[in-house]
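Contents: one structure, followed by commentary.
The values are calculated or read from the model by the stated rules, or taken from the named source; none is laboratory data. Only a predicted model underlies this, so the values are computations on that prediction, with no experimental measurement involved. Positions of Cβ are generated from backbone atoms using ideal geometry, with glycine treated the same way; all protein chains shown enter the neighbour counts. For accessibility, only protein heavy atoms count, side chains too; no ligands or nucleic acids. Shrake-Rupley method; radii C 1.70, N 1.55, O 1.52, S 1.80 Å.
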Amino acid sequence: DNPVLGQITDNAPEQTWTLNVPYRDRIGISVDRANNTLVPNFELLDPDGKSIAHADHDATAAHAGINSIKLDRAGTYTIVVGRDKGKDGKTSGNYILGVSLLGTGTENPDLFKRSDEPIRPNRLQRGEITNAKWLDVQSWVPISKDHVVLVLTRDTGTLMPTMTLVGPDNKEIAH
């Protein structure tokens with residue numbers, strides 16, 4: 001989520017960047033012209049060097065982007081930023097490359113780590129959902145066979161929370 005600045009010139013009509021992906025993440029990629037006449041495009045290569053996605057410029061000729069792509073494995077990916085018509089193109093300038101984590105892969109062990117503090121009766125329990133941690137696991141030890149009401153609400157933002165109750169055997173009890 002930290003954009004980088006690059007430059008396309010007649011002597012360097014493309015530039016490569018590596019992206020180390022520890023899980024099968026979902027990401028977004030954008031390239032935006034920062035100055036001059038650059039009409040950007042880019043290609044995403046998998047760890048084997050195979051092209052898995054590309055984006056040409058949009059109607060503004062100043063932006064190329066992929067809103068969402070799910071990577072099929074961990075590894076080192078390559079983003080090749082270029083210009084319209086490649087080495088024969090006539091545009092140049094600086095650009096800003098941004099890669100956004102939209103959701104970490106399900107094999108990320110941090111997703112399933114329980115919160116340090118178990119849920120306690122009659123006490124508010126706060127959690128946080130992010131793109132890197134889109135699952136919040138809370139533990140609860142009932143102290144009797146009484147009926148309970150669990151309420152899940154959002155504090156701020158646009159989150160639409162859902163809850164799944166799982167028993168000690170990791171089988172779903174309620175959703």
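Listing for the model above:
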quantity: Among the residues listed as Lys133, Lys171, Lys113, the single one being of a type outside the set (Val, Ile, Thr), at pLDDT 85 or above and in contact with an Asp or Glu (Cβ under 7 Å, 6 or more places away or on another chain); calculated: Lys133
quantity: Selection status of Thr106, open to solvent by 70 Å² or more (accessible area, probe 1.4 Å), in contact with a Leu (Cβ under 9 Å, 6 or more places away or on another chain) and within 26 Å of Ile52 (Cα to Cα); calculated: yes
quantity: Of residues in segment 43-60 being in contact (Cβ under 8 Å) with a residue 24 or more places away in the chain and under 15 Å from Gly86 (Cα atoms), the one surrounded by the fewest Cβ atoms within 10 Å (Cβ to Cβ); calculated: Asp56
quantity: Count - residues of segment 29-50 that are more than 12 Å from Ile79 (Cα to Cα) and small (Gly, Ala, Ser); calculated: 1
quantity: Index of the failed condition, Tyr95 passing every other in (1) out of contact with any Ser or Thr (no Cβ under 6 Å at 6 or more places or on another chain); (2) surrounded by fewer than 18 Cβ atoms within 10 Å (Cβ to Cβ); calculated: (2)
quantity: Residue satisfying condition, being surrounded by fewer than 15 Cβ atoms within 10 Å (Cβ to Cβ) and not in a strand (DSSP E or B), within set Arg73, Arg24; calculated: Arg73
quantity: Qualifying positions in segment 156-175 - open to solvent by less than 100 Å² (accessible area, probe 1.4 Å), farther than 24 Å from Thr130 by Cβ and outside any loop (DSSP other than H, G, I, E, B); calculated: Ala174
quantity: Residue in segment 30-42 that is under 17 Å from Ile8 (Cβ atoms), basic (Lys, Arg) and open to solvent by less than 50 Å² (accessible area, probe 1.4 Å) present; calculated: no
